[in-house]
Amino acid sequence: MKIDAAKVIVTSPGRNFVTLKIMTDQGVYGIGDATLNGRELSVVSYLEDHVLPCLIGKDPRRIEDIWQYLYRGAYWRRGPVTMRAIAAVDMALWDIKAKMADMPLYQLLGGRSRDGVMVYGHANGADIEETVEAVGQYIDMGYKAIRAQTGVPGIKDAYGVGRGKLFYEPADAALPSLTGWDTRKALNHVPKLFDKLRATYGFDHHLLHDGHHRYTPMEAANLGKMLEPYQLFWLEDCTPAENQEAFRLVRQHTTTPLAVGEIFNTIWDCKDLIQNQLIDYIRCTIVGAGGITHMRRIADLAALYQIRTGSHGATDLSPVTMGCALHFDTWVPNFGIQEYMRHTEETDAVFPHDYIFRDGLLHCGETPGHGVDIDEQLAARYPYKPAYLPVARLEDGTMWNW
Ligand SMILES: O=C(O)C(=O)C[C@H](O)[C@H](O)CO
Ligand SMILES: [Mg+2]
């Protein structure tokens, strides 16, 4: 069996997606996601110019060997571009293998560990009242877990502010839009949101919050402590994770569970945080961290320390990643939760899929493979449009984390 062709499909049904299709001499094909939000075309070039020529003629069943070939063989290891390209190949090859085996992907990984995958949705609002209302809408839809973000008085367009709909598309302009940040104002405001949420809805639902890398370690520790009475499921990205020692400081001060990893690319980004038990949930996902092959290694390392998975699942992760993630989540023993920001109808139409939402859980389907395809004719109707994530500045103009 041989790979005889491969192509990259760029489409923008509401937002940009980069998709890889690998074809074989036996007529079976596989689909992978390679979307890197705001930097999409760099992965297109990496794949088309440097990866696809090396794949032609290879045996698609040798998933591990091809992974090692692309990772070690490039010499320039790791990083978001390289690891997304490898992830796309890996997803497509697992899709092919599962189709050949006539099994849904989770069966190849080791079979079902649970009935369905608990997901959390994003509730956003311009102020506390709006966010409380948005959380109520998710509760009404059956969600068991909800992430809550609110606008903060005096901060212009901070991340998470609602725009009149349930989900939020961060890559919103042809050049990066400018948002503001002020930690003092946020620290005074965010605990009030959770106070109101618990007073309104009680403690039956899981609540989550994303700090989006914007606090210093001591500020993050302070926030974690202030949020303790509201028993969050997690506080995410409370401080930047380049210096991982920072998490020790946060950890020493608060029992609020910590999650990190949506911008990590390999097990090496996770290793010290996991082995020092500085986090509770690891947020890497299939597309960001080298595909199913590499995510398995990360999850297994985390399991040794009772750290659970909580994979990134914003709208920039295409339905292809979501399909793979749900098969992974259905199998992985140390599953925690899965982020689920719904895609638009246009996106769902371009990527026909068999996963469904029922009673707060997502369920992967039983179609052989990962269960997600691409309608190429429809995809061609949505040409690429440059779209950037915003940038953030403090009141005095200083660039800040986003
Ligand atoms: O989903 C999250 O937790 C995010 O922080 C979303 C990110 O802003 C988004 O995926 C960036 O591309
Ligand atoms: Mg996040």
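The values are calculated or read from the model by the stated rules, or taken from the named source; none is laboratory data. Just so it is clear, the model here is predicted, and its values are computed rather than measured. Here the Cβ is made from the backbone with ideal geometry for all residues, glycine too, and neighbour counts use every protein chain on show. Please note that ligands, DNA and RNA were not included when accessible areas were found on the heavy atoms of the full protein model with its side chains. Shrake-Rupley method; radii C 1.70, N 1.55, O 1.52, S 1.80 Å.
Looking at Asn188, Asn222, Asn243, can you tell me which residue is open to solvent by 50 Å² or more (accessible area, probe 1.4 Å) and either under 23 Å from Asp269 (Cβ atoms) or within 16 Å of ligand 1 (Cβ to nearest atom) (or both)?
Working: Asn188 fails: either under 23 Å from Asp269 (Cβ atoms) or within 16 Å of ligand 1 (Cβ to nearest atom) (or both); Asn222 fails: either under 23 Å from Asp269 (Cβ atoms) or within 16 Å of ligand 1 (Cβ to nearest atom) (or both).
Step by step, each of Asn188, Asn222, Asn243 is checked, and only Asn243 is open to solvent by 50 Å² or more (accessible area, probe 1.4 Å) and either under 23 Å from Asp269 (Cβ atoms) or within 16 Å of ligand 1 (Cβ to nearest atom) (or both).
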Helices (runs of 4 or more DSSP H) lying entirely in the range 220-303 (those with 1 or more residues that are within 16 Å of ligand 2 (Cβ to nearest atom) and within 30 Å of Gln68 (Cβ to Cβ)): 267-275
Qualifying residue in the range 177-192 (condition: assigned to a loop (DSSP other than H, G, I, E, B), under 24 Å from the mean Cα position of the chain (by Cα) and at pLDDT 95 or above): no
Residue tally, condition open to solvent by less than 20 Å² (accessible area, probe 1.4 Å), under 22 Å from the mean Cα position of the chain (by Cα) and under 12 Å from Gly323 (Cβ atoms), over the range 93-108: 4
Criterion (out of contact with any Gly (no Cβ under 9 Å at 6 or more places or on another chain) and among the hydroxyl-bearing types (Ser, Thr, Tyr)) met by exactly one of Thr266, Thr293, Thr255: Thr293
Residue selected from the range 323-341 under the condition within 16 Å of ligand 2 (Cβ to nearest atom) and out of contact with any Lys or Arg (no Cβ under 6 Å at 6 or more places or on another chain), by the criterion most open to solvent (accessible area, probe 1.4 Å): Tyr340
Selected residue (criterion: surrounded by the fewest Cβ atoms within 10 Å (Cβ to Cβ)) from residues of the range 286-304 that are within 16 Å of ligand 1 (Cβ to nearest atom) and aliphatic (A, V, I, L, M): Ala289
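Hey, does the range 135-145 have a residue that's within 17 Å of the chain's Cα centre (by Cα) and either small (Gly, Ala, Ser) or part of a loop (DSSP other than H, G, I, E, B) (or both)?
From the range 135-145, those within 17 Å of the chain's Cα centre (by Cα) are 145; that's our starting set.
Narrowing further to those that are either small (Gly, Ala, Ser) or part of a loop (DSSP other than H, G, I, E, B) (or both): 145.
Yes, that holds for at least one residue.
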Test: residue in the range 305-319 that is in contact (Cβ under 8 Å) with a residue 60 or more places away in the chain, more than 17 Å from the chain's Cα centre (by Cα) and surrounded by fewer than 21 Cβ atoms within 10 Å (Cβ to Cβ): no
